[in-house]
Amino acid sequence: MSTLYALLFMAASITLVVGVGMKIRQYYKTPAPLKIPTTPAPTTQAGVVMRMFREVVFFESLFKSTKWTWIFSWMFHMGLALVLLRHLRYFIDPVWAPIQWIQPFGKYAAFAMVIGLLGLLARRIFVDRVRYISAPSDYLMLLLLIFIGFSGLMMTFVVHTDIVAVKYFFNNLWTFGWGPLPMDFPLLVHITLVIVLLAIFPFSKLLHVPGVFFSPSRNQVDNPREQRHIVPWAEALEKKD
Amino acid sequence: MAKADFEVPELKKHVEVPAIKEGAMAHLKPFVVKNPDHNTDLGFPGELVDDWHDKALEKLGDLCSRYRSLQVYLDACVKCGSCTDKCHYFLGTADPKNMPVGRQDLLRKVYRRYFTLAGKYFPKLVGAEDLTRETLDEWYSYYHQCSQCRRCSVFCPYGIDTAEISMAAREILDSIGYGQKYCNEIIAKVHKVGNNLGLPGPAIEDTLLGLEEDVWDEDEVWVKYPLDVEGADILLVTPSADFFAEPHVDGLIGYGKVFHEAGVSWTLSTTASEAGNFGMFIGSYENMRRVSMRIRKAALELKVKRIVFGECGHAWRIAYSFLNTLAGPFDFLDPNYPVPQHICEFTWGQIQDGKLELDKSENDEITPTFHDSCNVARASRMGDKPGGQFEIPRNVIKAVCNNYVDMHHDTIGEQTFCCGGGGGLLTDDLMEIRVKGALPRMNALKQVVEDQGVTHVAAICAICKSQFTKVLPYYGFEMDQILSVHQLVSNAIVLNRKTGKPEWLEEDEDEDE
C-alpha cells in the first residue's frame with residue numbers, strides 16, 4: 001500500500017511539473033502581436049513588476065470588483081500559501097528557520113483556507129450569475145480543496161498521525177527508500193486528494209496560476225509610441241509587400 | 001421619446017444588477033454579409049463554406065498559436081464571477097450570455113472540447129461542448145453583442161479581456177464566410193475609397209469649403225480646412241463622420257480653429273480620410289494593417305512632419321497602441337513629437353503654452369459632463385503619465401467652460417461604461433442591444449442631470465456621438481445633448497489671427513448676387 005502511494009505520488013508530481021512546464025513553454029512561445037495592456041498601465045518594466053505583484057499578492061483587480069469574492073478568495077489563497085510553506089517541513093531536513101517561525105501561523109491558516117473555500121462555494125451556489133457559469137468541475141475543485149483542508153485540520157487538531165513516519169516517507173521518496181506510510185484514515189484521504197490535485201493541475205482551470213503572469217493585459221509596458229512592438233509572424237507580413 | 005419595438009429599460013439614478021434571464025437576447029443578430037465581394041475584398045470566403053466545422057476549428061487552433069492573449073484567456077478563467085455584473089449589455093438585458101464570462105464560454109466550451117484533455121474525455125464534467133450549427137449561430141449572435149470596451153478586463157483577476165475573445169470569434173466567423181454586413185461592407189469601402197462612409201475626394205473638399213464659409217459667416221475670419229496639401233506640418237486623421245454628422249462636424253470646426261490660432265500648417269488627406277479602423281472589430285490583423293498603411297502612405301506622400309488624430313475612440317486605440325506596430329516605424333516624422341498625437345494632447349499643449357485665448361463665458365449656458373470613451377480609457381493613453389487620457393480631455397473642457405461636472409466615479413475613468421454602440425455595433429439592425437446597453441451610462445447621466453443640473457454630455461469618439469444622438473431620445477433626453485469636446489473649444493476660442501476673406505468666397509457671393 002505504501003509503495004502504491006509512493007508511486008502515485010511520484011507520478012502525480014511528475015505530471016504536475018512536466019504538464020505545467022509544457023504549458024508555461026506554450027505561453028512563453030506564443031507571441032503577443034499587439035500592445036494590449038489594460039490602461040492606465042505602467043510605462044516602465046519596473047512598474048509592470050509592481051502591477052503584477054499587487055495583482056498576485058493582493059488580488060488588486062478582484063478587490064476593485066467584488067469585496068465578498070475578494071475576501072473569500074484572498075483568505076483561501078493566503079491560507080494555502082502559509083499552509084504550503086509550513087508543509088515544507090515534511091520534505092526538508094533540517095527544517096529552515098523561516099519555516100519554523102511560521103509553524104504556528106501555518107497551523108491556523110488552514111482554518112482561513114477552509115473558511116474561504118466554503119465562502120466561495122456558497123457564492124457559487126447562491127449567486128444566480130455565478131451558478132449559471134459553474135460546470136460540475138468548478139464545484140468539484142472546491143470540494144477537493146475543502147476536503148484536503150479538512151482532512152489536514154483533522155490531523156493537526158483531532159486525530160494526530162505518526163508525523164515522523166510521514167516525514168520519513170516523503171524524505172526518502174525520491175531515493176526509492178520510503179518507509180511505511182501510517183495507515184490512518186485522514187492521512188490517506190489527505191494524500192489521495194493531494195495526488196488527484198497535483199495530477200489534474202495542468203489540465204484544469206488551475207492554469208490560472210502560470211496564466212496570470214502571461215496575461216498581456218497585465219504584463220505589458222504601456223510604451224507603444226516610444227518603442228515599436230513587432231512579432232515575427234507580423235514582420236513576415238511586411239516582407240510580403 | 002423615440003419609439004421602440006422592444007422594451008426600453010426603466011431609467012434609475014444608479015446601476016442595478018438584474019436577475020439573469022436566459023435567452024433574453026438570443027433573437028438578436030446583425031445582418032450577414034449579402035454581397036460576397038464584401039467578404040472576398042477582405043480576404044474571406046464569399047459565403048459560408050461547406051466544411052465550416054473543420055475550418056472553424058482549424059482557425060481557432062491557428063489563432064491560439066498566434067495570440068498569447070487568446071491562449072492564456074481560454075485556459076485561465078476560474079469562473080470566479082468577478083466580471084458577471086460588469087458588462088453594460090448584461091446590465092441592460094439580463095441575458096447571462098452577455099456576462100463577459102458567459103460570452104467567453106461560448107468559445108471556451110468548444111476550445112475545451114477539441115483542444116484540452118479534460119474536454120476530450122470528460123466534456124460534461126468541464127462544460128465542454130461540440131461545435132454545432134447552433135453554436136455557430138450563437139457565436140454570431142452574442143459576439144456581435146460585445147462592444148470590445150474592455151470593462152470586464154479591469155475587474156478580472158487575470159486580466160482576461162473579452163474583447164480579445166470577441167475579436168477571435170469574429171475572425172473565425174469571417175474565415176468561414178459568416179461575416180457581419182456592417183463591418184465588412186465598411187472595411188471594403190475603406191480599402192476602395194479611403195473612408196468608412198465612402199465619401200469621395202470632391203465631396204470632402206466641398207464639405208471643407210462649406211466649413212470655411214460657415215466660420216467666416218460667424219467670425220469673419222478665414223480659418224482654412226486644407227485637403228491634400230503637400231508639405232504641411234501636420235496630417236490630421238479624423239473619423240469621416242466629422243465631415244458631416246452632428247455634433248461631430250462641430251468638433252472638426254474646433255480642430256481647425258485650434259490649428260489656426262496655433263499658427264501651424266496642417267492638412268487632411270483624401271486617401272487617409274478615416275481615423276476609424278474596423279479591422280480591429282473583426283479581429284483581423286491583416287485588414288487592420290491594410291487600413292493603417294493608408295495613413296503611412298498619406299504621411300509620406302504629403303511629406304508631413306507630424307500626425308494628429310481627431311476625436312475617435314477605437315481609432316485612438318489603434319493609433320496610440322497599434323499604429324507603430326502596424327504601419328511603423330515612423331522615423332521619417334519629426335522625432336520631437338509623439339506619433340501619433342491626439343487632438344486633445346495638441347490643444348492642451350497649446351493651452352498650457354498660452355497660445356490660445358479662451359473666453360469661457362461663451363459656454364456659460366452649458367453645464368457639461370464628460371463621457372470617457374471606452375477604448376480611450378482602457379486601451380490607450382494621452383500625455384506622458386498613466387491616466388492622462390482622463391485628465392487631458394477634462395483639462396481642455398475646464399479651460400473652456402466654467403461649469404464642469406463629473407458623473408459618478410464608478411462610471412467614469414477606467415470604470416467608464418461604454419456608450420453601447422462601439423465595436424462594430426453601430427448599425428440599425430442592432431438597435432435593441434444598443435439602446436439596452438446604453439442603460440448604465442444613461443443612469444449615470446440622469447443622476448447628474450437631476451442632481452447637478454448637467455445640460456450636456458461631451459465625448460471624444462465618433463461612435464459615442466452617433467450612438468448618443470440615436471439613443472438619448474429613447475431615455476427621454478434630447479438628441480442634441482451630446483457634444484464634441486472641440487465644439488466647446490470652438491465656442492470659447494477667440495480668433496485673434498485675422499485673415500481676409502477668401503477670394504473664392506467673394507466670387508461665390510458675387511455670383512449669388
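Where a number appears in this text, it was derived from the coordinates with a stated rule and is not lab data. This is a predicted model, so every value here is computed, not measured. Reconstructed Cβ throughout: ideal geometry from the backbone, glycine too, with neighbour counts over all protein chains shown.
Neighbours of A:PHE169 by Cβ distance under 13 Å: Lys/Arg scored +1, Asp/Glu scored -1, total -2. Sequence-distant contacts, meaning Cα pairs under 8 Å at least 6 residues apart, place the relative contact order of chain B at 19 percent. For B:ALA458, nonlocal amide neighbours, meaning residues 5 or more places apart or on other chains whose placed amide H falls under 5 Å from its own, are B:THR369, B:PHE370, B:HIS371, B:LEU483. Working value for region B:259-385: equivalent-ellipsoid semi-axes of 27, 19, 13 Å, each the square root of 5 times a Cα gyration tensor eigenvalue, largest first.
Taking GluC sites (Glu not before Pro) across region B:9-95, the ones in a DSSP loop with at most 16 further Cβ atoms lying within 10 angstrom of their Cβ are B:GLU10, B:GLU16, B:GLU22, B:GLU47.
Taking one quarter of the surface of the convex hull spanned by the alpha-carbon atoms of region A:1-100 gives a direction-averaged projected area of 10.4 nm². Each residue of the protein assembly as shown gets 177 Å³ once the volume of the Cα convex hull is shared out per residue. Per residue, chain B reaches -13500 deg cm²/dmol at 222 nm when only DSSP H runs of four or more residues are counted, each adding -39500 (n - 2.57). Annotation: cysteines of the protein assembly as shown without a disulfide-compatible partner (Cβ-Cβ under 4.7 angstrom) are B:CYS64, B:CYS77, B:CYS80, B:CYS87, B:CYS146, B:CYS156, B:CYS183, B:CYS312, B:CYS344, B:CYS401. Please give me the summed charge of the neighbours of B:HIS248: other residues whose Cβ is under 9 Å from its Cβ, Lys and Arg +1, Asp and Glu -1. In short, -3.
Please give the average number of partner chain Cβ atoms lying within 10 Å of the Cβ of each residue in B:61-69, rounded to a whole number.
Counting Cβ atoms of other protein chains within 10 Å of each residue's Cβ and averaging gives 5.
Remark: B:SER147, B:SER65 ranked as B:SER65, B:SER147, counting other beta-carbon atoms within 10 Å and listing the fewest first.
By DSSP, the beta bridges lying fully in the protein assembly as shown are antiparallel in about 10 percent of cases.
With N residues in region B:1-123, what two-decimal value do you get for its Cα radius of gyration over 2.2 N^0.38 Å?
Its radius of gyration relative to the 2.2 N^0.38 Å reference: 1.34.
Under 5 Å from the amide H of B:PHE309 lie the amide H atoms of B:VAL237, B:GLN341, B:HIS342, B:ILE343, each residue being 5 or more positions distant or on a separate chain, with H modelled from the backbone and absent for Pro and chain starts. Legend: residue pairs A:LYS23/A:LYS205; B:LYS257/B:LYS360; A:LYS23/A:LYS167, Cα-Cα distance threshold 20 Å; pairs beyond threshold, A:LYS23/A:LYS167. Ordering B:TYR140, B:TYR225, A:TYR90 from the fewest to the most neighbouring beta carbons within 10 Å gives A:TYR90, B:TYR140, B:TYR225.
So what's chain A giving for Rg/Rh, alpha carbon basis, Kirkwood Rh from the mean inverse pair distance? Radius of gyration relative to Kirkwood radius: 1.04.
Rounded to the nearest 10 degrees, the angle from helix B:162-175 to the longest Cα principal axis of chain B is 80 degrees.
Counted by Cβ distance under 12 Å from A:PRO98, the other residues give a net charge of +2, where Lys and Arg count +1 and Asp and Glu count -1.
From the square roots a ≥ b ≥ c of the eigenvalues of the alpha-carbon gyration tensor of region B:37-187, which class results: rounded (a/c under 1.5), prolate (a/b over b/c), or oblate? Cα axes put region B:37-187 in the oblate bin. Counting Cβ atoms of other protein chains within 10 Å of each residue's Cβ and taking the mean over peptide B:326-336 gives 2. Using C-alpha pairs under 8 Å with a sequence gap of at least 6, the mean separation divided by the residue count of region B:37-187 gives a relative contact order of 34 percent.
Here, P(r) means the percent of Cα pairs in each 20 Å bin from 0 to the largest distance; for chain B it is 23, 55, 20, 2, 0.
Run through region B:394-497 and list the trypsin sites (Lys or Arg not before Pro) located in a DSSP loop whose Cβ has at most 15 other Cβ atoms within 10 Å.
Taking region B:394-497 and a limit of 15 other Cβ atoms within 10 Å, the loop trypsin sites (Lys or Arg not before Pro) found are B:ARG497.
Annotation note: GluC sites (Glu not before Pro) in region B:460-506 located in DSSP loop regions with a Cβ neighbour count of at most 16 within 10 Å are B:GLU478. Summarising the strand pairing of chain B, around 10 percent of its internal DSSP beta bridges are antiparallel. Other protein chain C-beta atoms within 10 Å of residue C-beta, averaged over A:63-70: 5. Can you compute the modelled spin-label distance between A:LEU143 and A:ALA165, with each label point 7 Å from Cα toward Cβ, in nm? Roughly 3.0 nm, to one decimal.
Per the Debye calculation on region B:200-281 with a single equal scatterer at every Cα and no solvent contribution, log₁₀ I(q)/I(0) for q = 0.21 Å⁻¹ amounts to -1.00. Neighbour counting of Cβ atoms within 10 Å sorts the residues B:HIS486, A:HIS87, fewest neighbours leading, into A:HIS87, B:HIS486.
Taken as Cα centroids, region B:233-253 and region B:139-154 sit 27 Å apart, rounded to the nearest whole angstrom. Among the lysines, select those whose C-alpha is under 26 Å from the C-alpha of A:LYS239, and discard any that sit fewer than 8 residues away in the same chain. Reachable lysines: A:LYS29, A:LYS35, B:LYS59, B:LYS189, B:LYS192, B:LYS297, B:LYS303, B:LYS305.
If you count Lys pairs in region B:376-513 whose Cα atoms are under 25 Å apart, skipping same-chain pairs closer than 8 places in sequence, the total is 8.
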